[in-house]
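A short worksheet on the structure shown next.
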Amino acid sequence: MIELPELVAGGLAAGTLSALVLGGGLLRSRRQKALLRAEVAELRTQLDGSEGAFTSEVEHLAARRMPAAAAQLTHPHLKVPGPVRPNTPGTPTGIAMEYVLTALREELTAQRVRIDAAAQAGLRGATREIQAALYRLQDALRGLQQRYDEPELAQTLFALDHENEQSLRRAQVAAVVCGAWVGLAREESHVVDAVTGGQARLAGYHRVKVHNHLEPGTALVSHAVEPVAIIVAELLDNALRHSAPDTDVVVNLEHVHHGVCVTVDDAGLGMTQDERARAQRLVAGSDPILLTDLGDPPRMGLAAIGQLTRQFDLGVDVSSPSPYGGVRAVLRVDTHLLGRIDPEERPPSVSAPRSTRERRERTARREPVREPAAPTTPPAEPAAPVAPVVPAPAPVVPTPEPVASAHEAEHERALGHQEPGDLAGLPRRRRRSRTPAAGAPEQQPAVRRPEEAAAALAALQYGTAAARTPKRASAPESQRTDDEGGATG
């Protein structure tokens, strides 16, 4: 039988052991709680830091990165800033923010295209109305040119007609940029006539020197005539605007392996590398053209060239400097856009420069070459052949009235058919007078009086009008019918 002291001692030992076990568990629990508190504090600190970092990234995204991404759509050279923290890219936050930028670019591009399409539609309709009004004005001016023969009035009418043609060119370029058709449907035409037709649309046409090295009869197919004329006009306009007014713009027409090249060289300041790259992108026509990309006010010349090169399979290069210090622009017309016209049956206009090959052939045959006179008016298409004016010999038995009538009819024929620029060949108006009796001393020709000089100028102006009326190369954008083309498109 166990005695009481032993039982008490065993109980005390068990209680002590239990107390020790409970005390150890309590100590472990306290340590775990302390560790948990420290871990929670650390996580809270990390969360606060992450929240602050995320907030700063969002603020940076809204304040700097998104505006830069929007501006980059119109100015590709701009750089979009990266995240604030260098370790953000590749993290979920960095990936999400890049997705925001991508979505922003896509939406802005879609909105710009929709807005620009609406603006182009409105501008296209406005230019159509403007072109129609300018066509009517041109018809009225041409009618006045044919009706009145006063030299000063004729000169004023021709100046107004040329200004009207320049306005038509600007309206046509705006319409082309907005996706409209070029405006004219033409027949097959000499390449040199299309070039001089583009030259005639400019205010500084007299500064353009054209050198024709093409085979006589080299022509453009019908649907390429007007696009080539528009492109040449815009390249020449760019060269004239960016070069000094006392310098020339040199144009060379040459055969190449795959067709014909029209090279335009100016002596201006040239372009920087960035400007040349942007101009090349515009004339290539590979990217869609938006009005908002053309500046304020919009400069549409190169954009119109880009539209035409894409639509008519032409090639334009402006990436090379000119040997004269300015810009060299090259228009390439491939073989499938070329044809041939018999130069004997349909010669080019009298104002167009003669081919150097034709000159060499005539020189080889020892035939005289008639150099065309320098035009004092915009280059025009050929007029009707001029009837030679042969002075009548002094009659032995004069008949006063028929002689005077012959001189008057001779003068009227010259007024209607005189070639432009041929001042030396203009006939003189003679007053009706009695023929001196036989044996009377022959009178010396009188010095040309102001009235006669005015009549000569009127003959020149009417000759130029006759040259330009049947054919529209001097102002092709403002005519509806001509020898090179039928109806307006």
From the protein chains alone at 1.4 Å, what is the descending order of accessible area for TYR324, TYR99, TYR135, largest first? TYR99, TYR324, TYR135
Give the Cα extents of segment 99-171 along the principal axes, in whole Å, largest first. 73, 17, 8
In Å², nearest 10: area of HIS242 left accessible to a 1.4 Å probe: 90 Å²
Quick one: which of 191-201, 285-295 comes out on top by average Cβ neighbours within 10 Å, and what's the full order, highest first? 191-201, 285-295
Rg and Dmax of segment 233-359, using alpha carbons, in Å: what are they? 16.2, 49
Cβ-based net charge around ARG207, under 10 Å, with every Lys or Arg adding one and every Asp or Glu removing one: -2
Just to verify a number: what accessible area does THR109 come out at with the full protein assembly present, 1.4 Å probe, Å² rounded to tens? 60 Å²
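The values are calculated or read from the model by the stated rules, or taken from the named source; none is laboratory data. Bear in mind that the values here come from a model prediction, so they are computed numbers and not experimental data. Glycine also receives a Cβ, built like all others from the backbone with ideal geometry; neighbour counts cover every protein chain displayed. We work out accessible area using only protein heavy atoms, side chains counted, and drop any ligands, DNA or RNA first. Shrake-Rupley method; radii C 1.70, N 1.55, O 1.52, S 1.80 Å.
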